[in-house]
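**Student:** Next up is a structure, given as structure tokens.
Every number in this text was worked out from the coordinates using simple rules, so none of it is lab data. Bear in mind that the values here come from a model prediction, so they are computed numbers and not experimental data. With ideal geometry, Cβ positions are generated from the backbone for all residues, glycine too; neighbour counts draw on all protein chains shown.
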Amino acid sequence: MTKDLLALIEGLSLEKKSDAHYIGHYIPAIPNHVFGGQVVAQSIRAALNEIEDDKSLHSLHSYFLDRGHTDKPFNFHVKKLRDGRSFSVRQVDVYQDERQIYTATLSFHRIEDGVSFQHDMPQVDGPDQFIEEADRWNNHPIVGNMPERKITFRPLNVRHTGPVDWFTSFEASPETGIWIKTRDQISDDPKLHQTLLGYFSDTFLYAASLRPHGLTFQSPNLQGASLDHTLWIHDHFRADDWLFYQHSGIWSGRARGLNIGKFFTRDGRHVASTSQEGLMRVKQA
């Protein structure tokens with residue numbers, strides 16, 4: 001296992017401080033910036049630590065309340081809302097010092113059989129047809145002149161399936177996606193795979209509703225941030241097997257954009273869904 005993937009897994013594991021109180025630390029996915037997927041994933045891990053092993057996460061509904069800081073520990077406080085025979089619900093509140101930055105409600109379900117239905121996976125070429133996003137970024141002429149901006153923490157293999165240039169303004173379809181997985185094989189622990197899916201789920205989803213406006217994360221006239229995040233897990237998956245993460249920007253207006261995501265396995269099973277609304281303040285020239 002690569003040292004970066006090991007560091008990610010260790011960073012998501014959390015330290016138990018007291019009953020239902022866990023401590024986490026900054027994971028350097030983005031230099032000098034807290035990746036929202038880190039807080040989502042660590043909250044999932046904290047809640048899983050307080051749940052019976054025969055129940056799995058099936059939904060998370062959450063809000064980003066304030067910006068996270070890289071130089072302060074994250075305190076995860078887990079509150080039991082309900083324990084039933086089939087479902088358990090936990091609330092996780094995340095603080096840095098006395099400032100709350102995130103809150104999530106998570107529901108866990110004992111697996112049952114039932115009728116099933118899904119939409120087909122979109123037609124998309126396999127991951128071997130696309131380049132790694134970290135390579136695309138690091139080899140860009142602008143980044144090449146700024147070594148401090150190069151991506152050096154690479155626990156995941158992420159590959160965009162649509163046209164991407166973070167430094168060039170061009171209008172593009174709000175329908176896009178990525179292939180994503182861990183860089184190496186990991187253990188069979190289902191809690192680890194659920195936690196990592198939470199980490200995956202914030203990867204580039206917000207950008208879908210920017211694309212029709214010719215905006216990217218790097219647009220100097222954009223003030224953007226994730227406002228909320230929802231994850232539903234439908235079926236079994238592995239975080240170390242390729243997943244296609246379809247991104248759909250479905251609406252933008254009033255300085256906000258709404259995005260929907262779907263995770264599919266390579267054989268077409270729809271295993272998870274997401275939604276996220278983001279702040280989109282565009283400064284007029």
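**Student:** Can you list which of the trypsin sites (Lys or Arg not before Pro) found in the range 207-285 are DSSP loop residues with at most 11 other C-beta atoms within 10 Å?
**Tutor:** Sites meeting the loop and neighbour criteria: ARG254, LYS283.
**Student:** What shape does the range 87-173 have by the C-alpha gyration tensor, where a ≥ b ≥ c are the square roots of the eigenvalues, rounded means a/c under 1.5, and otherwise prolate means a/b greater than b/c and oblate the rest?
**Tutor:** Oblate is the answer for the range 87-173, as a/c is 1.5 or above yet b/c matches or exceeds a/b.
**Student:** Here is a follow-up. With a cut-off of at most 12 other beta carbons within 10 Å, and DSSP calling the residue loop, which trypsin sites (Lys or Arg not before Pro) in the range 43-129 qualify? Please list them.
**Tutor:** In loop regions of the range 43-129 (DSSP not H, G, I, E or B), the sparsely surrounded trypsin sites (Lys or Arg not before Pro) are ARG67, ARG85.
**Student:** Under a Cβ-Cβ cut-off of 10 Å, what is the net charge of the residues other than PHE130 that fall near it, where Lys and Arg count +1 and Asp and Glu count -1?
**Tutor:** Local charge sum for PHE130: -2.
**Student:** Taking the C-alpha atoms of the range 170-210, how large are the radius of gyration and the largest Cα-Cα span, Dmax, in Å?
**Tutor:** 13.6, 42
**Student:** Oh, and also: From the backbone phi of the range 229-237, what are the Karplus-calculated ³J(HN,Hα) couplings (6.51 cos²θ - 1.76 cosθ + 1.60, θ = phi - 60°) in whole Hz, Gly and Pro given as x?
**Tutor:** 7, 10, 9, 10, 9, 9, 8, 5, 7
**Student:** Moving on to the next point. Once you mark the GluC sites (Glu not before Pro) that are in a DSSP loop and have at most 14 other Cβ atoms within 10 Å, what is the longest gap between them in the chain?
**Tutor:** 172-285
**Student:** For the range 2-113, compute the orientation-averaged projected area of the C-alpha convex hull (one quarter of its surface), in nm².
**Tutor:** Orientation-averaged projected area of the Cα hull: 7.8 nm².
**Student:** I've got another one for you. Below 12 Å, Cα to Cα, which aspartates and glutamates can LYS80 reach? Residues fewer than 8 away in the same chain don't count.
**Tutor:** Leaving aside aspartates and glutamates fewer than 8 places away in the same chain, those within reach of LYS80 are ASP19, GLU50, ASP93.
**Student:** Under a cut-off of 25 Å between alpha-carbon atoms, report the lysines in cross-link reach of LYS150, not counting same-chain residues fewer than 8 places apart.
**Tutor:** Partners found: LYS3, LYS72, LYS181.
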